[in-house]
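Below: the structure, in structure tokens.
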Amino acid sequence: MEKMATRKAYGQALVEIGSENQNLVVMDADLSGSTMTKEFKKVYPERFFNMGIAEQDLYAAAAGLALSGKVVCASTFAMFAAGRAFEIIRNSIGYTGANVKICATHAGITVGEDGASHQTFEDLALMRTIPKMTVVNPSDGVSAKKLIKQAVAMDGPCYIRLGRAEVPVFYEEDADISLGKGNLLKDGKDVTIIATGIMVNEAMMAASDLEKEGISARVIDMHTIKPLDEEIILKAAKETGKVVTAEEHSVIGGLGSAVAEVVVKNCPVKMAMVGQMDTFGESGKPDQLKEKYGMTSKDIYEKVKSLF
Amino acid sequence: MNTKELEQIAKKVRVDIIKAIHAAGSGHPGGSLSAADIVTALYFDEMNIDPANPKMEGRDKFVLSKGHAGPVQYAALAERGYFPVEDMMSLRKLGSKFQGHPNMHYVPGIEMSTGSLGQGMAVCVGMALANKMDENPGRIYTLLGDGEIQEGLIWEAAMSASHYHLDNMVAIVDNNGLQIDGKNDDVMTVKPIDEKFKAFGWHVVVIDGHNFDEILAAFKEAKETKGRPTAIIAKTHKGQGVSFMADDPGWHGKAPNEEQAKQAVEELGGEW
Ligand SMILES: Cc1ncc(C[n+]2csc(CCOP(=O)(O)OP(=O)(O)O)c2C)c(N)n1
Ligand SMILES: [Mg+2]
């Protein structure tokens with residue numbers, strides 16, 4: 001399978017959107033080569049602003065541009081976007097409803113060698129608690145591009161979580177992907193795996209291993225964490241009776257929590273969560289870290305089995 | 001220690017940096033090399049520390065606020081005798097104590113875990129305040145990147161260090177003129193750094209950050225300065241000591257391959 005980092009898809013999407021939408025402004029905080037906003041800067045330098053290593057200023061200034069009529073994509077690493085600038089995003093972007101797309105890269109354990117100070121597992125939790133905020137975590141290059149375009153086209157704040165590592169591209173170019181709608185990737189009747197981001201591909205692998213053992217697993221790509229597609233979750237809970245969530249994020253507050261909130265209120269079923277287990281990360285190769293911290297297809301497989 | 005000896009040690013520190021980053025296959029050579037002389041001077045001459053007793057009462061403390069330069073701190077600690085140099089060759093590998101950015105719980109001599117720019121400086125204000133409260137003679141040193149000082153937090157900390165008359169605190173700016181996306185001047189102007197610190201109430205010394213006489217004199221001047229903190233603006237070259245890395249932003253966060261590492265070590269007079 002072809003591989004591509006979702007941040008690379010972001011760079012391409014920016015250039016494409018920039019040609020149609022003269023109103024698009026792109027901003028960064030000294031990481032344009034890593035977040036890929038450099039691609040936009042090359043073509044539209046007059047609509048690109050580097051704010052230096054000043055993430056709070058980045059998001060407050062983005063709010064100002066947006067409140068003056070621009071649509072802004074503002075990027076840095078997820079740690080420094082959702083983390084460092086949290087309260088600015090909450091008050092100047094969320095509370096005001098400013099049309100800012102917080103396109104945050106290098107999320108999660110697959111940051112790799114830079115280690116714990118740069119590996120954020122808290123961003124989805126932080127962002128989804130902000131009223132009016134749309135929260136998106138694409139699973140591959142194709143869906144990332146489509147979701148970024150839809151996010152820019154809608155009005156209002158949006159957090160888009162992107163990755164550093166190259167991940168398999170499994171969607172076809174013409175795949176039907178819409179913001180706010182979970183994608184049913186594989187039907188199944190015994191259990192449902194609801195995954196987001198890079199864990200979607202792991203979920204597909206786990207499902208095929210489970211199939212060999214006679215367990216029929218449904219797989220849903222939940223690329224939009226907020227607003228959450230409750231319908232597809234409840235249908236899955238009712239029809240399969242068991243739900244396992246998988247995310248490259250803390251099991252506290254992210255996709256797992258969001259799904260549990262829906263399930264417990266409407267259709268309580270057995271659930272298990274795969275994700276970072278309330279601990280910090282460390283330096284290492286992305287694949288080694290995924291294994292050590294329990295975010296592989298094998299972990300999903302085992303969590304599913306534990307429900308039977 | 002005399003400056004000839006310090007120069008020799010700084011060379012070893014630079015060799016260790018190159019070898020460790022090469023072995024890791026990733027990391028930040030540029031900003032580690034630009035800081036090598038300053039960090040060597042701190043650990044080998046300026047600071048009151050004891051490698052045999054890293055938690056010694058009343059010791060001076062150094063916080064690497066620009067945490068991506070971890071290899072320079074690891075190398076200086078190793079050369080100073082905190083642990084064998086070989087240990088740091090596991091840099092950035094799974095399970096290593098030598099994390100991509102320094103972790104205070106893993107490596108003796110590291111006083112603060114850093115990596116998120118701007119925070120180390122502000123933590124130093126707290127350490128300096130605590131030492132004042134406790135009448136602890138320990139002095140607090142921090143090293144800042146010139147890109148790092150674009151963070152608002154740096155100036156909030158600069159304000160509080162001055163407000164609380166923290167003459168037991170020294171901030172050194174590694175003024176290599178470069179950050180990730182290019183020159184400071186192109187990304188976000190930080191000049192005039194000296195005037196900014198002066199305006200915040202700091203005593204300011206501007207030096208050549210690769211000249212040990214000037215580095216040691218600046219530390220002495222800081223010690224003699226009472227009632228306010230001292231900022232040392234050290235003019236440096238990113239990648240100093242390795243011809244093909246010098247003043248090139250491309251070497252901010254890239255590991256040398258074997259051929260490059262070999263050449264770098266040879267230029268530094270080390271053994272491959
Ligand atoms: C809060 C924060 N924002 C962004 C980064 C990513 N980053 C790491 S190093 C760096 C550039 C640092 O430039 P400078 O301070 O000049 O360091 P030096 O040139 O000495 O290496 C950036 C943006 C970070 N580590 N922390
Ligand atoms: Mg610099």
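The values are calculated or read from the model by the stated rules, or taken from the named source; none is laboratory data. Owing to the predicted nature of the structure, the values given are computational and were not obtained by experimental measurement. Positions of Cβ are backbone-derived with ideal geometry, glycine not excepted, and every protein chain shown enters the neighbour counts. What goes into the accessible areas is simple: the full protein's heavy atoms, side chains included, and nothing from ligands, DNA or RNA. Shrake-Rupley method; radii C 1.70, N 1.55, O 1.52, S 1.80 Å.
Quick notes on this one:
- Phi to ³J(HN,Hα) by Karplus 6.51 cos²θ - 1.76 cosθ + 1.60 over segment A:155-160, Hz, x for Gly, Pro: 8, x, x, 8, 10, 10
- Given chain B, longest segment not containing exposed loop trypsin sites (Lys or Arg not before Pro) (DSSP; at most 11 other Cβ within 10 Å): B:56-225
- Between the amide H of B:Ser65 and those of B:Leu143, distances stay under 5 Å, these residues lying 5 or more places away or on another chain, with hydrogens modeled in the peptide plane.
- Accessible surface of the protein assembly as shown, 1.4 Å probe, proportion on carbon and sulfur as whole %: 51 percent
- Across chain A, the convex hull enclosing all Cα atoms gives 115 Å³ per residue.
- Of A:Ser19, A:Leu184, A:Val142, farthest towards positive along the dipole that unit charges on Lys, Arg, Asp, Glu beta carbons give the protein assembly as shown: A:Leu184
- Of B:Gly227, A:Ala54, B:Val170, farthest towards positive along the dipole that unit charges on Lys, Arg, Asp, Glu beta carbons give the protein assembly as shown: A:Ala54
- Couplings 3J(HN,Hα) of segment B:145-159, computed from phi: x, 6, x, 4, 6, 6, 5, x, 4, 4, 7, 5, 5, 4, 5 Hz, in residue order, whole Hz [Karplus 6.51 cos²θ - 1.76 cosθ + 1.60, θ = phi - 60°; x for Gly and Pro].
- For chain B: relative contact order, % (alpha-carbon pairs under 8 angstrom, 6 or more apart): 24 percent
- Segment B:34-178 - Debye-derived log10 I(q)/I(0), Cα point model, q = 0.14 Å⁻¹: -0.63
- A:Phe49 long-range amide H proximity, modeled H, under 5 Å: A:Val26, A:Met27, A:Asp28
- Note: relative contact order over segment A:1-63, using C-alpha pairs below 8 Å and six or more positions apart, is 34 percent.
- Hull volume per residue, based on the alpha-carbon atoms of segment A:105-213 and their convex hull, is 132 Å³.
- For segment A:183-306, a/c is not less than 1.5, where a ≥ b ≥ c are the root eigenvalues of the C-alpha gyration tensor, and a/b does not top b/c. That puts it in the oblate class.
- Cα centre as origin, Lys/Arg/Asp/Glu Cβ charges: segment A:130-221 dipole, Debye: 440 debye
- Ordering B:Ala264, B:His252, B:Met133 by Cα displacement along the dipole of chain B toward the positive end leaves B:Met133 in first place; charges were set at the Cβ atoms of Lys, Arg (+1) and Asp, Glu (-1).
- Pairs exceeding a 32 Å alpha-carbon distance, out of A:Lys70/B:Lys66; B:Lys61/B:Lys93; A:Lys292/B:Lys12; A:Lys189/A:Lys298; A:Lys3/A:Lys149: A:Lys70/B:Lys66; A:Lys292/B:Lys12.
- Cα shape, segment B:73-112, gyration tensor, a/c 1.5 rule: oblate
- Relative contact order [Cα under 8 Å, 6+ residues apart], segment A:1-117, whole percent: 25 percent
- Assigned charges on the beta-carbon of Lys, Arg, Asp, Glu; segment A:183-306 dipole about Cα centre (debye): 280 debye
- Nearest-20 debye value, segment A:3-168 charge dipole, Cβ charges on Lys, Arg, Asp, Glu: 360 debye
- Shape analysis of segment B:165-216 places it in the oblate category; the axes a ≥ b ≥ c from the Cα gyration tensor give an a/c of at least 1.5, with a/b not above b/c.
- Bridge orientation summary for the protein assembly as shown: considering DSSP beta bridges with both residues in this region, about 10 percent are antiparallel.
- Taking amide H atoms as placed 1.01 Å from N in the peptide plane, the amide H of A:Tyr159 lies under 5 Å from those of A:Ile102, A:Thr134, A:Val135, A:Val136, each 5 or more residues away in sequence or on another chain.
- Excluding exposed DSSP-loop GluC sites (Glu not before Pro) (at most 16 other C-beta within 10 Å), longest clean stretch of chain B: B:136-270
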